[in-house]
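Remarks on the structure that follows.
Any read-out appearing in this document is the output of simple, stated calculations on the displayed coordinates, not a laboratory observation. Bear in mind the structure is a predicted one, so any value in this text is a computation, not a measurement. Positions of Cβ are generated from backbone atoms using ideal geometry, with glycine treated the same way; all protein chains shown enter the neighbour counts.
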Amino acid sequence: MSTTTATPEETVADVVVVDYGLGNLRSVTRGLERAGADVTITDDPEAFAEADGVVLPGVGAFREGIENADPIREDLLAVAESGTPLFGICLGMQMLLTSSEEGETDGDSAVTGLDLVPGTNVRFDEGQKVPHMGWNELSVEREHPLVEGVDGEYAYFVHSYYAVPDDDEAVVASTGYDIEFPSIVANEAGNVFGTQFHPEKSGETGLCILRNFVSLCTGR
């Protein structure tokens, strides 16, 4: 299944948005188009391999996301291994990690994430209101092409769990919500990364991040 969308603006990269049954596919697509991408929404692994970049969006629970994406797990891992940029958004970012407390509920066996950024996702438990919903500041912790021009800017969050990578170097940006949590993470190679917030709902800050992603896809 695939759907190709066009944009009236000049396009500089061919990007696949992965359709695995979860996620705001249309809003993510519109944001990417504004950033200069020609977008295909698909679950076809051949399209993943041919794309300049792949986006894994997601809204919902970790277990459902991993189970839905399991048929294309090896294909997503191949994208990462090839060096092609792989961008997880919200639940998609959490799926890049190894595990989640959310995947261990109701007596079910734990489900394993993509393990591209080793670590786990944990639920807010410091008295914060859950879900964390609204605009919060991004504090850039280290250099990465995705975060050029966004230090100190605000992004829009909706989530109850947050990432805890095994390696502190995986944290590209953090955000305060009584505690400091990673709002952007990346693998050691730098081509696999994710935002806990929704760039497609984060105004000019989000558009800047999406443009940075498109530039990454073209090697600019």
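Things to note:
- Cα→Cβ-extended label distance, 7 Å offset, between GLU81 and LYS129, nm: 4.6 nm
- Maximal additional length on extending the THR218-GLU101 stretch stands at 38.5 nm, based on 0.36 nm per residue less the C-alpha distance.
- Segments 89-96, 58-65, 201-208, 124-131 sorted - mean Cβ within 10 Å per residue, highest first: 89-96, 58-65, 201-208, 124-131
- Shape of the chain, Cα gyration tensor, a/c cut at 1.5: oblate
- Relative contact order [Cα under 8 Å, 6+ residues apart], the chain, whole percent: 20 percent
- Nearest-0.05 FRET efficiency for ASP115 and SER160, computed from C-beta distance (R0 35 Å): 0.95
- Here r is the Cβ-Cβ distance between ASP70 and ASP167 and R0 is 30 Å; the resulting FRET efficiency, rounded to 0.05, is 0.75.
- Within the range 2-218, antiparallel bridges make up roughly 60 percent of the DSSP beta bridges whose residues both belong there.
- The value for the range 74-190 of Rg(Cα) / (2.2 N^0.38 Å) is 1.06.
- A crude spin-label estimate for the pair ARG142 and GLU188, with each label 7 Å from Cα along the Cβ direction, gives 1.1 nm.
- When all alpha carbon pairs of the range 54-130 are counted in 10 Å bins from zero, the resulting P(r) reads 19, 53, 23, 6, 0 %.
- Gained length - ASP44 relative to GLU180, 0.36 nm times residue gap less alpha-carbon distance: 45.2 nm
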